[in-house]
Amino acid sequence: MLSIWVVSLLFFAVGIVVLSSGIFTLQSNYKASANRVFFALTVAITIWSSGLGMSTIAVDAATSEIFRRFASIGWGTTYSLFLHFVLIITDKAALFKKRWLVLCLYLPSIFTVFAFAVPNGLNPHPYKLHLTESGWMNEVQNNVWDWLFYVYYISFT
């Protein structure tokens with residue numbers, strides 16, 4: 001039981017540290033696009049971390065799945081935001097003048113969030129949760145949605 005709380009507290013600690021760094025960065029210059037995208041990235045990571053923290057300590061599988069779906073909003077958008085941030089800090093921001101490139105940048109995150117956060121017929125059971133000594137854990141299913149996510153995060157990273 002103690003290990004469940006330790007794992008969960010680690011998730012929450014990561015969220016607090018990351019969000020704090022995002023807030024401090026945004027406060028230093030809120031007009032800079034790199035700072036705004038970095039802040040959005042820290043919010044996404046905080047959602048991811050907090051959702052997993054709550055999912056870990058949930059009382060049952062249904063509650064854990066709700067928090068897993070919430071966390072997927074964070075991990076589903078993190079990689080698009082990360083690539084956006086990298087393009088800005090490497091002086092490739094001129095690419096964003098072409099609207100279709102921005103759509104290409106964020107389209108995988110939209111599909112990921114739709115597949116893993118929103119209950120729908122395309123991916124009716126995205127999580128297979130098991131209670132372990134460290135809390136509720138997801139068993140990877142390696143379905144088409146998982147493989148699309150693998151391609152998305154590997155290519156964007």
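For the residues R99, R36, the requirement of being farther than 20 Å from S155 by Cα, modelled with pLDDT under 95 and of a type in the set (D, E, K, R) singles out R99. Looking across region 114-157 at every residue that is modelled with pLDDT of 90 or more and among the acidic types (D, E), the one that is most open to solvent (accessible area, probe 1.4 Å) is identified as E139. Residues being of a type in the set (F, W, Y) and crowded, with 20+ Cβ neighbours inside 10 Å are entirely absent from region 12-27. When C104 is tested against (1) buried (at least 20 other Cβ atoms within 10 Å of the Cβ); (2) out of contact with any Lys or Arg (no Cβ under 6 Å at 6 or more places or on another chain), exactly one condition is not met: (1).
Restricting S55, S8, S72, S49 to residues that are surrounded by 14 or more Cβ atoms within 10 Å (Cβ to Cβ), in contact with a strand residue (DSSP E or B) (Cβ under 8 Å, 6 or more places away or on another chain) and at pLDDT 95 or above narrows the list to S55.
The values are calculated or read from the model by the stated rules, or taken from the named source; none is laboratory data. Just so it is clear, the model here is predicted, and its values are computed rather than measured. Positions of Cβ are backbone-derived with ideal geometry, glycine not excepted, and every protein chain shown enters the neighbour counts. Only protein heavy atoms, including side chains, enter the accessible area calculation; ligands, DNA and RNA are left aside. Shrake-Rupley method; radii C 1.70, N 1.55, O 1.52, S 1.80 Å.
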